[in-house]
Amino acid sequence: MALVRLFYSLAVLLQLALSVDHVPMLLWSTHSSLWNSEATLHEGHIISKQELHMLLQPVFTQDSKNLVLFLQDTLSIDDFTHCSESYKNEKPFHNVQELLESSSSSLVLSAVDCQATSHLLDYLQESMDWKLTDIDEFVVSKMEVDTSKPNIFVVKLQPISRLNDISTAKAFAANDKIIGRLTMILQEQGIQFSVIYTAMRPSRIPRRPDVVLESRRRLMATEAQVTDEYYPLNVTNGTNTCILFYASNFSLTVNKSVPVDLTNLTFVSRKVDFSSSVCSATNATLSLNYTGLVAGINNLKIRFLMTNKFYAGSARKWFTLDSVEIAHDNQVVARFNVSTISAPAEYSFHCQLVGTSSLCGAKLIPANSGAKSWEVYLSEFQIQGFNINNNQFSYASDCTSFFSPGIWMGLVTSIVLLWILTYGIHMIMQLTTNSRFDDPKGQALSVPQTE
């Protein structure tokens with residue numbers, strides 16, 4: 001058994017070593033000779049922040065300084081290989097491929113460190129006095145470009161739905177059409193420009209080895225399949241991530257009859273406003289604001305209130321999720337106290353089921369009369385509100401205790417069987433043989449009653 005666990009651990013570590021926190025980046029330009037042979041020199045190499053800044057220097061030295069930055073939520077090199085073929089009428093990356101082939105100069109970076117891409121826009125703004133134009137709604141038919149000064153156009157592409165291959169291909173095809181349309185408009189106006197196409201984070205969620213190996217106390221059990229349909233919701237306090245939140249299923253039930261699924265709005269389409277979230281060294285509040293959910297619920301706000309305190313008994317700081325509040329039209333209609341959701345301040349907290357049901361590992365206990373009309377359900381719940389490093393969950397303190405019901409059943413059964421075996425051995429040891437034996441050829445043995 002120990003040998004099997006060792007091989008399993010080595011396999012997981014090997015898999016994790018091959019997954020690095022990086023994203024691809026495509027660059028092309030109507031200017032000639034911006035990049036010559038760098039594409040081959042940097043294949044298979046993870047581009048650091050300093051190396052990326054060096055590669056972007058030619059963009060700042062051109063006479064006509066116009067830059068288009070296409071930002072996507074998630075992207076990986078596997079997306080280009082997996083979605084390279086057409087899905088029915090959808091043609092993912094059709095325009096991108098043609099633009100790379102027809103451009104005067106291009107550069108394909110298969111692996112750029114996420115630390116570099118997350119601060120790319122800040123670096124570009126600091127490098128030159130650009131005229132920044134955000135194109136969220138993509139209304140560019142009447143766009144006028146003042147070429148007398150540098151321009152940077154930031155286009156935030158729609159999030160990629162990764163529920164299945166068809167939805168992923170459609171999302172990529174829609175973004176590809178946006179890229180083709182904007183570049184065509186700039187070319188028709190005779191404007192020289194450069195393009196950067198990248199993402200904020202990779203498609204797959206990088207996890208640290210200690211989180212994967214120790215977050216669940218399972219022995220010789222089949223590990224649940226980890227989905228990478230979406231990335232955890234991260235709240236920043238300006239530059240650094242201060243709250244991470246994840247759930248594979250996040251849903252509510254109003255008046256025990258109206259179901260509200262918040263999973264897609266929170267993690268896939270990201271149609272949730274969390275700007276009112278608060279982060280500090282001692283308190284953190286994750287505030288999720290949803291609008292236009294169902295009839296009768298136009299504005300719904302859910303708040304997770306966490307504290308970070310020092311406890312003398314353990315001589316260390318612990319963070320706890322104290323309560324969960326549901327506000328409707330800026331009035332708190334339901335408040336839940338939380339049981340057993342706590343972890344050391346440096347850890348995250350994970351629980352397979354969290355909600356109002358008695359079957360959940362961490363239960364939400366109604367704290368007011370209005371809470372009895374609401375049901376909350378979160379599966380594969382994980383949250384961290386303090387001491388976040390590298391935008392990743394720390395080691396997870398699980399709500400499942402070490403002695404689970406299955407372990408207790410095995411221990412009790414083993415003790416009963418051991419007691420039966422001990423009793424049987426004791427009875428066998430008490431057996432004795434006769435001291436006298438009857439001889440068939442001699443006189444019959446007579447045993448006096450006094451003996």
With the requirement that a residue be modelled with pLDDT of 80 or more and under 13 Å from residue 130 (Cβ atoms), what does segment 61-70 give you? 66, 67, 68, 69
Can you confirm whether segment 136-148 contains a residue that is touching a Phe, Trp or Tyr at 6+ places or on another chain (Cβ under 6 Å) and either at pLDDT 80 or above or under 27 Å from residue 110 (Cα atoms) (or both)? no
The lone exception for residue 292 - which of (1) part of a strand (DSSP E or B); (2) under 19 Å from the mean Cα position of the chain (by Cα); (3) at positive phi it fails: (2)
Could you list, in sequence order, the residues of segment 81-106 that are within 30 Å of residue 189 (Cα to Cα), outside any loop (DSSP other than H, G, I, E, B) and either open to solvent by 30 Å² or more (accessible area, probe 1.4 Å) or at pLDDT 85 or above (or both)? 90, 94, 95, 96, 97, 98, 99, 100, 101, 102, 106
Mind checking which residues of segment 345-365 are modelled with pLDDT of 85 or more and assigned to a loop (DSSP other than H, G, I, E, B)? 345, 346, 347, 356
Counted residues in segment 231-263 being crowded, with 16+ Cβ neighbours inside 10 Å and within 22 Å of residue 72 (Cβ to Cβ) come to 10
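Would you confirm, using the coordinates I've provided, whether residue 280 is open to solvent by 70 Å² or more (accessible area, probe 1.4 Å) and over 20 Å from the mean Cα position of the chain (by Cα)?
Taking the combined requirement at face value, the residue does not satisfy it.
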Out of everything in segment 366-392 that is part of a strand (DSSP E or B), aliphatic (A, V, I, L, M) and in contact with a Phe, Trp or Tyr (Cβ under 6 Å, 6 or more places away or on another chain), what residue ends up being nearest to residue 118 (Cα to Cα)? 383
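Based on this model, can you work out whether residue 354 counts as more than 15 Å from the chain's Cα centre (by Cα), surrounded by 23 or more Cβ atoms within 10 Å (Cβ to Cβ) and within 24 Å of residue 257 (Cα to Cα)? Working first, answer last.
On the way: more than 15 Å from the chain's Cα centre (by Cα): yes; surrounded by 23 or more Cβ atoms within 10 Å (Cβ to Cβ): yes; within 24 Å of residue 257 (Cα to Cα): yes.
Yes; evaluated as a whole, the condition is true for this residue.
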So, first residue over 22 Å from residue 203 (Cβ atoms) in segment 253-270, second residue assigned to a loop (DSSP other than H, G, I, E, B), Cβ within less than 7 Å, six or more apart or across chains; the pairs are none
Since residue 292 meets every condition but one in (1) modelled with pLDDT under 80; (2) under 27 Å from residue 115 (Cβ atoms); (3) surrounded by fewer than 18 Cβ atoms within 10 Å (Cβ to Cβ), which condition does it not meet? (2)
Of all residues in segment 153-198, how many are touching an Asp or Glu at 6+ places or on another chain (Cβ under 7 Å), open to solvent by 10 Å² or more (accessible area, probe 1.4 Å) and modelled with pLDDT of 80 or more? 2
I'm told residue 376 meets every condition in (1) open to solvent by 70 Å² or more (accessible area, probe 1.4 Å); (2) out of contact with any Lys or Arg (no Cβ under 9 Å at 6 or more places or on another chain) except one. Can you identify the failing condition by its number? (1)
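The values are calculated or read from the model by the stated rules, or taken from the named source; none is laboratory data. Worth saying up front: this structure is predicted, and the values here are computed from it rather than measured. Don't worry about glycine lacking a Cβ; one is built from the backbone with ideal geometry, like all the others, and counts go over all protein chains shown. In case anyone asks, the SASA skips ligands and DNA or RNA and just uses the protein heavy atoms, side chains included. Shrake-Rupley method; radii C 1.70, N 1.55, O 1.52, S 1.80 Å.
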